[in-house]
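The values are calculated or read from the model by the stated rules, or taken from the named source; none is laboratory data. Note that the coordinates shown come from a computational prediction; the quantities given were computed from them, not determined experimentally. Cβ atoms come from the backbone with ideal geometry, glycine included; neighbour counts cover every protein chain shown. When the accessible area is computed, the model is the full protein with side chains, heavy atoms only, and any ligands, DNA or RNA have been set aside. Shrake-Rupley method; radii C 1.70, N 1.55, O 1.52, S 1.80 Å.
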Amino acid sequence: MKKPAFPTPTHHSTELAKGEGLKIPVFDMSLTDGKTKGRYQAEAEVLRNSMLELLFEPSELKSLVIVKPDPDDNSHDPLKNIDFGDDIPRRATFSSGKNVYFADKELSAKLLSIFATQPDHACRYGSLLVSSCTQGAQFLDSSEDNQTLKVKIVDSQSDNPKEKALAKKWQTGDCHGKISPALAEQLGAIHNRPFQFRMAWLKEWSRSDCQTPEISFLAKGTLLPNAQLTDNAGYDIILDRSSIKGVNKKQLADLIPCGVYEFPQAVLGNRGNAKTTEYENSWQFSIWYSEDAIQADIVPATKAEAQKLASLQNNRIQLAKYLVEQHDKKAAFRQTGDDTETQLNDLGDEQTKRHESRLISILRNDKLGQLLDFPKVVDFMQEQLAKKWKDLAIKGAIHHGSAMAQPCEDLLPGTIVAPHLRHGTEVIVTRYPIVSKDNIRRYTVNNKQKPELMQYKGCVFIRPDQAMQHHQCDFDGDQLVITPASRLPHIAKETLHANEENEYEAIEKRSKIDYTQATDEDGNRKYTKLRQIASAIAKNKIGWVATLIGRVQCSVPEVGQPEGLFNQRKQKLLGQLFDALQIEVDSPKSATRLEDHHPTLLETASKWSQQHPCYLFDFKDDLRLYKSVPLPTEDGTAISAIAKVAVNPAWEPTRLKSRHRDEFRYLFSPPSDLDERETWDFLL
């Protein structure tokens with residue numbers, strides 16, 4: 001039967017759906033109708049509790065469209081001359097990750113006014129406009145209660161010693177401030193937990209009787225409820241100037257001097273309250289340890305989970321229940337995981353996620369198992385089952401704890417305050433993405449040195465210098481991964497203490513190059529349009545370089561190859577890859593790319609990987625993996641021990657079978673419309 005053509009949606013305007021949020025049409029450049037490049041996706045993208053929704057009236061946002069660049073289009077200006085099909089001229093206005101937001105001239109001008117001093121910030125920090133404030137976002141308007149928002153702005157990162165000392169008095173940090181408990185509660189926060197915030201101020205909200213900033217800005221970071229520093233001093237918020245985004249850094253001190261301000265209007269959002277949660281293990285962690293340590297600390301738990309999976313994989317109802325539980329755990333993790341971590345551990349397109357969500361909904365609600373033999377459901381369960389086996393083989397079954405990082409300058413070096421852990425506990429601390437083993441460190445929980453911090457939950461307090469030195473961590477919502485050493489005793493022995501010297505050379509911090517100032521080989525401006533900057537930022541190589549680091553670190557000498565010479569070359573190559581990863585991680589803030597400093601590195605590292613194969617990376621994306629074949633483990637690498645010892649002995653192909661779809665027609669009433677019936681026949 002001929003596959004029916006699904007109609008292209010005809011309504012392409014952004015709208016505010018009651019109880020849902022902003023529904024924004026999505027134009028996908030990787031789709032084509034055979035004539036023109038790009039088509040609208042069938043479903044709009046829904047933004048819930050975003051600042052964008054509160055900053056503009058729904059009628060102002062009607063022209064907004066999300067454009068998804070074609071990942072295979074490597075041209076310099078891939079978003080030029082898009083035909084949106086409605087004769088409305090649109091221009092790139094801001095971006096968030098791989099989404100580029102286009103709007104008409106009027107809306108674009110309003111949005112870009114927030115980034116007046118440096119337009120490319122619309123691509124660096126556009127995500128602040130559209131990120132979901134899960135606990136809610138509010139428009140605070142003093143005209144309703146005559147209560148302006150009183151904000152004291154300080155600067156912990158200032159070059160001025162007096163300003164820095166003042167910030168210390170108010171206990172702020174890099175992207176970290178304090179908030180009145182009453183205001184925090186109004187935003188859905190809890191009195192004893194910090195939360196990740198979003199803020200917006202527009203200069204048109206200024207009032208002659210209020211001291212207000214003279215320029216629009218966005219802000220992000222964390223706020224800790226503290227009545228002594230806010231209410232008792234007459235302030236609602238102590239805001240560190242490092243939280244302010246959208247303003248040229250060189251002009252920030254002049255445009256928004258430290259001092260006291262009153263905001264007659266503002267938008268504030270709570271992206272998430274701090275809470276301790278579990279992180280799945282990652283190969284990024286495991287690759288730095290010996291086979292003996294992996295065998296002792298990771299394999300036992302993985303073996304037990306593999307045996308459990310084997311026992312239920314042919315029991316449809318129990319397997320469905322298990323898959324729903326695993327999906328819910330991952331969904332909870334996505335809500336608490338910080339943005340950086342998800343770049344490497346939550347890759348996947350939105351369509352795939354939506355498809356998975358629909359099928360999971362069927363499994364969740366099919367209590368009697370009536371559809372568990374349906375072909376599409378069986379295919380989905382087999383896909384998910386293979387993923388679970390693969391995850392076990394690659395990650396293992398261990399989990400790490402985590403908590404929101406908060407600053408405390410005068411802690412003893414090598415110690416942290418963790419209210420959820422027992423005083424004196426030795427812990428392993430890291431943060432994703434892990435660049436090298438130097439990012440994994442041992443600390444001692446010393447809660448008695450700061451008893452006043454024990455009232456706070458869901459967070460961990462760490463010295464800012466060690467947070468940055470060891471974990472490239474600031475305090476805008478980063479989650480620190482924290483695992484008691486007693487759970488991984490052999491791995492702990494192979495982990496450096498926070499006060500020990502680096503095993504690898506420190507990565508050189510390179511000067512950022514603004515996209516607006518970047519030039520080509522002839523000295524001409526490389527990017528002249530905002531859409532070019534948005535496309536360039538979306539095309540970073542973070543995942544590629546991180547995978548190459550994994551491949552090189554896992555590599556072992558060839559037979560007869562001198563081990564000393566091998567390790568020397570390996571160490572040198574890793575050092576270059578560490579530097580390249582740092583460059584790519586900085587890509588939203590700098591036009592520099594790894595090719596500018598390491599033009600042949602990717603080719604060199606790829607050749608090394610071919611000479612010294614690691615089967616985990618060679619086969620982890622193979623569609624046959626754990627459907628018909630297990631992960632090969634004869635490469636001699638330490639990380640292969642997880643699959644070799646714990647997973648493969650328990651695995652066998654699933655025996656799930658499906659029944660013919662015609663047997664399920666009694667469950668679905670056919671539509672009366674003939675065209676719809678043809679589609680119904682195909683889907684069924």
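Here are a few things to note about the model shown:
- Here the simple spin-label model places points 7 Å from the Cα toward Cβ, and for D77 and E595 these points are separated by 1.9 nm.
- A crude spin-label estimate for the pair E603 and V260, with each label 7 Å from Cα along the Cβ direction, gives 6.4 nm.
- Solvent exposure of segment 20-132 amounts to 44 Å² per residue of accessible area, where only protein heavy atoms count and the probe is 1.4 Å.
- Taking the accessible area of segment 471-538, probe 1.4 Å, and keeping the other protein chains in place, the carbon and sulfur fraction comes to 42%.
- Taking every DSSP beta bridge that has both ends in the chain, the antiparallel portion is near 75%.
- Per-pair calculated FRET efficiency, R0 = 60 Å: R487 and K249 via Cβ, rounded to 0.05: 0.90
- Each of C459, Q406, V378 was scored by the projection of its Cα onto the charge dipole of segment 358-490, and the greatest displacement toward the positive side belongs to V378; charges sit on the C-beta of Lys, Arg, Asp and Glu.
- Surface/4 of the Cα convex hull for segment 177-235, nm²: 4.6 nm²
- Translational diffusion of segment 167-303, µm² s⁻¹ [Kirkwood Rh, Cα pairs; Stokes-Einstein; 37 °C; 0.692 mPa s]: 187 µm²/s
- As a fraction of the 1.4 Å probe accessible area of segment 26-97, surface on carbon and sulfur atoms comes out at 44 percent.
- Positive-end extreme of charge dipole, segment 137-193 - chosen from P181, N146, L166 (charges on Cβ): L166
- Long hydrophobic helices in the chain: the complete DSSP H runs spanning 30 Å or more by Cα along their own axis with mean Kyte-Doolittle hydropathy of at least -1.0 are 316-336, 563-585.
- Summary of the geometry: segment 385-424 and segment 112-184, compared by the centres of their Cα atoms, lie 28 Å apart.
- If the chain linking Q307 and A506 were pulled fully straight, counting 0.36 nm for each residue of separation and taking away their Cα-Cα distance, it would gain 67.4 nm.
- With the simple model of a label 7 Å out from the Cα in the direction of the Cβ, T36 to E409 spans 5.8 nm.
- Residues whose amide H comes within less than 5 Å of that of F197, counting only those at least five positions distant or on another chain, are G221, T222, L223, R271 (H built at 1.01 Å from N in the peptide plane).
- For segment 544-668, the number of Lys pairs separated by eight or more positions or lying on different chains, with C-alpha atoms closer than 30 Å, is 16.
- Alpha-carbon Rg with Dmax, taken over the chain, Å: 26.6, 80
- Put a plus charge on the Cβ of each Lys and Arg, a minus charge on the Cβ of each Asp and Glu, and nothing anywhere else: the dipole of segment 483-634 about its Cα centre is then about 620 debye.
- Packing-based ranking, highest mean first, of 41-50, 606-615, 402-411 given that Cβ atoms within 10 Å are counted: 402-411, 41-50, 606-615
- A Förster radius of 30 Å combined with the Cβ-Cβ distance from N146 to E214 puts the calculated FRET efficiency at roughly 0.85.
- Unsatisfied cross-links (Cα-Cα over 29 Å) in the set K110/K150; K303/K493; K23/K512: K23/K512
- In the chain, the DSSP-assigned H stretches of four residues or longer account for a calculated mean residue ellipticity at 222 nm of -9500 deg cm²/dmol, using -39500 (n - 2.57) per stretch and the full residue count as denominator.
- Peptides ranked, highest mean first, by Cβ atoms within 10 Å: ranges 473-484, 21-32: 473-484, 21-32
- Over segment 568-649, the fraction of Cα-Cα pairs per 5 Å bin, rounded to whole percents and listed from the shortest bin up, is 3, 13, 17, 17, 15, 13, 12, 7, 3, 0.
- Within the accessible area of segment 243-324 (1.4 Å probe), percent carbon and sulfur: 46 percent
- In plain terms, if you count all Cα to Cα distances in segment 65-202 and split them into 5 Å steps from zero, the share in each step is 2, 8, 12, 14, 16, 15, 12, 8, 7, 5, 1, 0 percent.
- Overall, the ratio between the Cα radius of gyration of segment 1-151 and 2.2 N^0.38 Å, rounded to two decimals, is 1.17.
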